[in-house]
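Encoded as structure tokens, the structure appears first; notes follow it.
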Amino acid sequence: MVPTPIADYAVLGDGRTAALVSRTGSVDWLCLPHFDSQACFAALLGAPEHGRWLLTVRDATRITRRYQDDSFVLETTYETPTGTAVVVDAMPLADDRADLVRTLQVLSGTVTVEHEWVVRFGYGKIEPWVNRVRDPHGIPAIRAIAGPDALLLRGDPLPRAEDHRHRDVFELGEGPPLEFGLTWTASWDPVPARLPIGERLEATRIRWAQWARASDYEGPYRDAVVRSLLVLRLLTDARTGGIIAAPTTSLPEDFGGERNWDYRFVWLRDAALTLEALLEHGYRAEATDWRDWLLRAVAGDASDLQVMYGTDGRRELPEVELDHLPGYAGSRPVRVGNAAVDQIQLDVLGEVMTALHLARSCGLEDTPDTWALQRLLVDDLTRTWHHADRGIWEVRGEPRHFTHSKIMAWAAVDRAVRAVEEHGLTGPVERWRRVREEIHADVLEHGYDAELGTFVQYYGGTNTDAALLQMVQVGFLPPDDERFLGTLAAIRAELEVEEGLVHRYLPGETDDGLEGDEHPFLACSFWLADALARCGDVDGATRVLDRLTGLRNDLGLLSEEYDVHGERMAGNFPQALSHLALVRAVHSHDLAVERERRAARRAPVRS
């Protein structure tokens, strides 16, 4: 069975979880009620029998779709030889319910509607007990129950039981829209009342659009930036402030291979970088929420800092393989949980301290608790920065002294020093200054190869790493430093497969503990555009940005990686790191354009 291309999916979300809907109207992935709950629709990683909700129009000769305004209300138009119909999908906001609602209306002629509802709890493994019920208003519904979970489907007409699923095929002509609603409840809770679908769709559209309008960006990449900001908001847990890396698990980095990971958790690194992207566009409330989440999640001994947490701050995220699922495109194993939770990754605090420093510079005041926490974390890092670690790419081979990790450790201590110098906070600044200089000197001595003219991936190595592009983002070296320019050239020569498309590293030259290869990493590719802009190569940055933003699907969404030869997206989707890197690269690009304009205005006019 040929899987649906990753780019053919749309994402819906309600601030607590997310659904993936295919171009042909199949909800193939949905975890309820939270991002990291067990999926009730898992066809994304298997087949329809692993759970899906299909509402589609047969025999379509043309399918087009869009998000209404700047929202996640999805509108899909089906054109057939006999008629045209529109399906509207959304996960309503602000009702304190876990719902997915869908409407279908014929605009002209008649169409053939296909409706299929296959519920399988436990990531496609558990077939529920299903019966017909009535809600408190007497409206007929189908209810599926297994263990702690219950799903309720309401609508008219409801599909009929057929071979362990519910199906219906019928002709429909012009008229008012059909309305269907899916509601999750705990299995012991009573059947909830039906809420008006049309009103909820409109209210959800308005709320998303209002949030998007808080950004006043109107530059040349406006659509890409605003959609990316919306994705980052969609991946933020509205209850806790935790920001997940992606709403999916095990979409492969290597089709048919084992590089399949669960990204439905809060990586401190990714979340901190997301925070910076949001802050640069004025979203201070989100910064406050995430800072408060951080304080709760990492409370305790500074040496117990983890690289990731659950959205509620929990620390136990055991990695388990689901043998009953065949995986997307046969990519196995399918994993839930993530063993990287137990890794040491020394770069993480650098991203966190950099984001909190930006928040402080944007006017977000520290509380006594937040600065006390930062002091403890930095003090612990001053004792451990010289250790080997697993690095930003979470290698499962032997720990090494990764150059990027040391650079980000420098950034963490640097931001602590600047908090004292620029914002009047208290701390052992003289000791921090000494450690900062010690780390800087260590990186220049061991992380830079003068013969190769480039920084290397790890001390003693000979290959480079695209993560080293971040050194100018955090100010470790100025962008015109010859050592950085040499590194930029080495990264392009070694890791760039087409203009703008960059591998994060060479798997064959890096002991990452895994078999197989992978594809260009989109965040690294945007970091290249960012670096070119900072170096003053505006034309080069523009070319790379144009190439990368052109890879977005028709709804403006990006995955983790891009398969150049197969011309398809790869990895989990949509990916926060890709979208936040886009936002930040555009920010650097636009600043570089403005610098060029100012320089041109200052240049003397020749007669």
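The Cα-based radius of gyration of region 218-498, divided by its Kirkwood radius, gives an Rg/Rh of 0.96. If the chain linking residue 485 and residue 49 were pulled fully straight, counting 0.36 nm for each residue of separation and taking away their Cα-Cα distance, it would gain 151.7 nm.
Of 393, 410, the sequence from fewest to most neighbouring Cβ atoms within 10 angstrom is 393, 410.
Measuring from a point 7 Å past the Cα of residue 398 along Cα-to-C-beta, which residues in region 444-462 have an amide N at less than 15 Å? Inside the label zone: 458-462. Overall dimensions of the chain, expressed as equivalent-ellipsoid semi-axes from the Cα gyration tensor (√(5λ), whole Å, largest first), are 44, 26, 24.
Please find the FRET efficiency linking residue 189 to residue 367, where r is the Cβ-Cβ separation and R0 is fixed at 60 Å, and quote it to the nearest 0.05. Given R0 = 60 Å and the Cβ-Cβ separation, E is 0.95. Each label point was placed 7 Å from the Cα along the Cα-to-Cβ direction; for residue 206 and residue 430 their separation is 6.1 nm. Across all directions, the average projected area of the convex hull around the alpha carbons of region 141-256 is 13.0 nm². Net length available on complete extension from residue 171 to residue 301 is 40.4 nm, with 0.36 nm assigned per residue and the Cα-Cα distance removed.
Residue exposure proxy: 227, 296, 400, ordered by other Cβ atoms within 10 angstrom of their Cβ from fewest to most, comes out as 296, 400, 227.
The ranking of 2, 538 by Cβ neighbour count inside 10 Å, starting from the fewest, reads 2, 538.
Once the Cβ-Cβ distance of residue 129 and residue 1 is raised to the sixth power relative to R0 = 22 Å, the FRET efficiency obtained is 0.20.
Karplus-based coupling profile of region 251-257, in residue order and whole Hz: 6, x, 7, 9, 4, x, x, with θ = phi - 60° in 6.51 cos²θ - 1.76 cosθ + 1.60 and x standing for Gly or Pro.
With contacts defined as alpha carbon pairs under 8 Å and 6 or more residues apart, what's the relative contact order of region 218-498 in percent?
Working: 456 pairs, mean separation 38.6, N = 281.
Relative contact order of region 218-498: 14 percent.
A simple charge model with +1 on the Cβ of Lys and Arg, -1 on the Cβ of Asp and Glu and nothing else charged puts the dipole of the chain at about 1440 debye relative to its Cα centre. Extension gain, residue 316-residue 597: 0.36 nm per intervening residue step, less the Cα-Cα distance, totals 96.0 nm. Evaluated with a Cβ-only charge set (Lys, Arg +1; Asp, Glu -1), region 6-189 carries a dipole of roughly 300 debye about its Cα centre, given to the nearest 20. The angle between the Cα long axis of helix 522-534 and the main principal axis of the chain comes to about 40°, on a 0 to 90 degree scale.
Every helix of 4 or more DSSP H residues in the chain counts as -39500 (n - 2.57), and over all residues that averages to -10500 deg cm²/dmol at 222 nm. Work out the charge dipole of the chain with +1 on the Cβ of Lys and Arg and -1 on the Cβ of Asp and Glu about the Cα centre, then indicate which of 540, 197, 288 is farthest towards its positive end. Projecting each Cα onto the dipole axis, the largest value belongs to 197. Label separation (residue 342 vs residue 509): 3.2 nm, computed from points 7 Å beyond Cα along the C-beta direction. Look at the alpha carbon pairs under 8 Å that are at least 6 residues apart: their mean separation over the length of the chain gives a relative contact order of 12 percent. Could you give the angle, 0 to 90 degrees to the nearest 10, between helix 482-495's Cα long axis and the longest principal axis of the Cα atoms of the chain? It works out to around 40 degrees. With the dipole of region 6-189 worked out from charges on the C-beta (+1 for Lys and Arg, -1 for Asp and Glu) around the Cα centre, which of 43, 54, 82 lies farthest toward the positive end? Selected residue: 43. Under 13 Å from a label point set 7 Å out along the Cα-to-Cβ vector of residue 421, the amide N atoms of region 468-492 belong to 475-476. Helix 368-384 and the longest principal axis of the C-alpha atoms of the chain enclose an angle of approximately 60°.
Note on region 185-254 and region 542-607: Cα centroid distance 23 Å, given to the nearest whole angstrom.
Residue by residue, region 267-279 carries 3J(HN,Hα) couplings of 7, 4, 4, 5, 5, 5, 5, 4, 4, 4, 4, 5, 4 Hz when phi is fed to the Karplus relation 6.51 cos²θ - 1.76 cosθ + 1.60 (θ = phi - 60°); x denotes Gly or Pro.
Can you give me the Rg/Rh ratio for region 6-189, using Cα atoms for both radii and the Kirkwood formula for Rh?
Result: Rg/Rh = 0.94.
According to the Cα-based calculation, Rg over Rh for region 426-526 is 1.03, with Rh computed by the Kirkwood formula.
Here, each number is a calculation from the coordinates, and none is a lab measurement. This is a predicted model, so every value here is computed, not measured. Positions of Cβ are backbone-derived with ideal geometry, glycine not excepted, and every protein chain shown enters the neighbour counts.
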